[in-house]
Amino acid sequence: MASPSGGDVPNQFIITTPEGTYFQSYKSIIAFKDKDGNITLGRDWGYSVTTGKYRNIFLGEDKKTTEKKIKEGVYTVNETL
């Protein structure tokens, strides 16, 4: 993953597969966006400020919006990710 200034960010990864795109922080899957645009969050989606910063970039929104979408059922949280 690249920082807002364009440099590589250690331990933050974007992984593209035929099924969709994952955002991984260290060894945890934080979010998965499938090929239809559906979002599934991993159990550690809100783990730290740094993870949150890059999660927000991946999702294109702030934490408050993510929390609202979870509450509304737009996003699901998968406790096994």
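Here, each number is a calculation from the coordinates, and none is a lab measurement. Computed from a predicted structure; not experimentally measured. Please note: Cβ atoms are built from the backbone with ideal geometry, for glycine as well, and neighbour counts cover all protein chains shown.
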Counting Lys and Arg as +1 and Asp and Glu as -1 over every other residue whose Cβ sits under 9 Å from the Cβ of residue 56, the net charge comes to +1
So residue 65 and residue 49, fully extended at 0.36 nm per residue minus their Cα-Cα distance, gain in nm 4.2 nm
Per principal axis, largest first, the Cα atoms of the stretch 18-73 extend in Å by 30, 28, 18
Residue separation between residue 78 and residue 2 times 0.36 nm, minus their alpha-carbon distance, gives in nm 24.8 nm
Sequence order, the stretch 45-60: Karplus ³J(HN,Hα) from phi using 6.51 cos²θ - 1.76 cosθ + 1.60, θ = phi - 60°, Hz rounded, Gly and Pro as x, gives 4, x, 4, 8, 4, 5, 4, x, 4, 7, 4, 4, 5, 4, 7, x
Taking the chain, the lysine pairs whose C-alpha atoms sit under 19 Å apart (8 or more places apart or on different chains) add up to 13
DSSP beta bridges in the chain: the antiparallel percent, rounded to 5, is 85
Dividing the mean separation of Cα pairs under 8 Å (6+ apart) by the residue count of the chain yields a relative contact order in percent of 22
Taking 0.36 nm per residue of separation between residue 15 and residue 38 and subtracting their Cα-Cα distance, the length gained on full extension comes to 6.7 nm
Treating only Lys and Arg (+1) and Asp and Glu (-1) as charged, each at its beta carbon, one finds that the chain has a dipole about its Cα centre, in Debye to the nearest 20, of 200
